[in-house]
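Nothing in this text is a laboratory measurement; each read-out follows from the coordinates by a stated rule. All values reported here derive from a predicted model rather than from experimental measurement. Positions of Cβ are generated from backbone atoms using ideal geometry, with glycine treated the same way; all protein chains shown enter the neighbour counts.
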Amino acid sequence: MHMLAVLLSGFSVFSALIMTLTHFRCDNYKGQLLAQGMGVILLLTLVGLQLTHFFWLQGTADFVHTAYYQVLLFAVAPAFYLFSKPLLQADSILHPYQLLHLLPVLAAPLLPFSLALPLAFAVGAGYLLWLAYSIHALRSQRSRFRLELAILGTVFAIALAVLLLGLGLPLIPEKLFFTLYASAIGIAFLLVSIVLSLAPQLSTEVAEAARETYAVSTLGNVDCAHMLVRLGNLMDQEQVFQNPDMDLPTLAERMQLTPHQLSELINTRLGKGFSRYIREYRVEAAEDLLLDKPSMPVLTVGMEVGFTSQSNFYQAFREMTGMTPGQYRKVHLQVAA
């Protein structure tokens, strides 16, 4: 168990670095700069904790029994809250009162160690209840995120177990507690990495689902059946998805709808968010182009169908097909031969 905790601590550090470079980019958090920034801060906080655990478990240095560790411990829950709130509740504005969430962090260095750890986990329990409530509020959208929710539900269960361990810390040997805590964070990183590999645009899609959940219906005077036909014509016949600058406001203007109306139409009638809807059309067009023009470079194929970068193209293609564009072309051309 001790060696596993050490390995998972090291994995967490490298995993956080990869997430920062790949997932927390502007194109994954359009209009969600608060969530993007707080997500990076959350990762840095968890990296700080895991490095502390790594050195302590190795017997190299004891930063666990310091004010530095207590600050990190109290920072995790508020950082997670400020990261997830814009995504789960469609509120991308940082309100002044939300800075009150930093008060426990500021008070952390003043607390005795024996009190600081159980209190930090007690505070975390409150945030965990908020998370459970926020996810429950999005239950009408659960069909869109079944696999992701199943994996994240496991992360939630791990967090709950850690909270119970933290609250019972005085009754648990320190070495056992920090071994289990470091392991839990490492396993959570592993599960989140799996989720993001399966759904790279998860943050965007969750934010879209939240906007629809909390918005008042805007389709009262809209002929939805007619608009769905018009939308299909724009995509199938005019292939507007090939425009790399095609976004929700631009397409809504073409359809003489407001962005909120178009977003609600796609979400409620097609069961997906706008970003996924566009990605599906682009990937389907890329599949045809990869086979129809086998000599065309893969990157050129991605640009032709509307993707703006190689990473976006590969992420979306793997998400939809389970393989890279090059693998897809090779497999299907071999079958055709």
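Taking only C-alpha pairs under 8 Å that are 6+ residues apart, what is the relative contact order of the chain in percent?
Dividing the mean separation by the residue count of the chain yields 17 percent.
If packing is taken as the mean number of other Cβ atoms within 10 Å per residue, what is the order of 57-65, 191-199, highest first?
Descending packing order for the listed peptides: 191-199, 57-65.
For the stretch 104-111, in order, what is each residue's ³J(HN,Hα) by Karplus, 6.51 cos²θ - 1.76 cosθ + 1.60 with θ = phi - 60°, in whole Hz (x at glycine and Pro)?
Values per residue, Gly and Pro as x: x, 5, 5, 7, 3, x, 8, 8 Hz.
Contour minus end-to-end for residue 308 and residue 332, with contour as 0.36 nm per residue of separation and end-to-end as the Cα-Cα distance?
6.1 nm
How much length is gained on full extension from residue 102 to residue 150, taking 0.36 nm per residue of separation minus their Cα-Cα distance?
14.2 nm
Within the chain, count lysine pairs with alpha carbon atoms under 25 angstrom apart where the residues are 8 or more positions apart or belong to different chains.
4
Would you please give the FRET efficiency between residue 33 and residue 226, computed as 1/(1 + (r/R0)^6) with r the Cβ-Cβ distance and R0 = 35 Å, to the nearest 0.05?
According to the calculation, E is roughly 0.45.
Can you give the FRET efficiency for residue 190 and residue 17, using 1/(1 + (r/R0)^6), R0 = 22 Å, r = Cβ-Cβ distance, to the nearest 0.05?
That pair, residue 190 with residue 17, gives E of 0.90.
How much length, in nm to one decimal, is gained on full extension between residue 61 and residue 174, taken as 0.36 nm per residue of separation minus their Cα-Cα distance?
39.2 nm
Ratio to report: Rg/Rh of the chain, with Cα atoms as the point set and Rh obtained by the Kirkwood method; give two decimals.
Result: Rg/Rh = 1.03.
How much mean residue ellipticity at 222 nm does the chain get from its helices, if each DSSP H run of length 4 or more adds -39500 (n - 2.57) and you divide by all residues, to the nearest 500 deg cm²/dmol?
For the chain, the value works out to -23500 deg cm²/dmol.
Considering the options 78, 105, 198, tell which one lies farthest towards the positive end of the dipole of the stretch 2-208, charges being +1 on Lys and Arg and -1 on Asp and Glu at the Cβ, about the Cα centre.
Going by the Cα projections, it comes out as 198.
Please give the charge dipole size of the chain, origin at the Cα centre, charges +1 on K and R Cβ atoms and -1 on D and E Cβ atoms. Round to the nearest 20 debye.
For this selection, approximately 480 debye.
Where in the chain are the DSSP H helices whose alpha-carbon span along the long axis reaches 15 Å or more and whose Kyte-Doolittle mean is at least 0.0?
2-22, 33-58, 67-88, 113-137, 146-167, 174-198, 224-236
Rounded to the nearest 0.05, what FRET efficiency is calculated for residue 219 and residue 324 with R0 set to 56 Å and r the Cβ-Cβ distance?
0.90
Ranked highest first by average number of other Cβ atoms within 10 Å, how do 96-103, 15-22 line up?
So the order, starting with the most tightly packed, is 15-22, 96-103.
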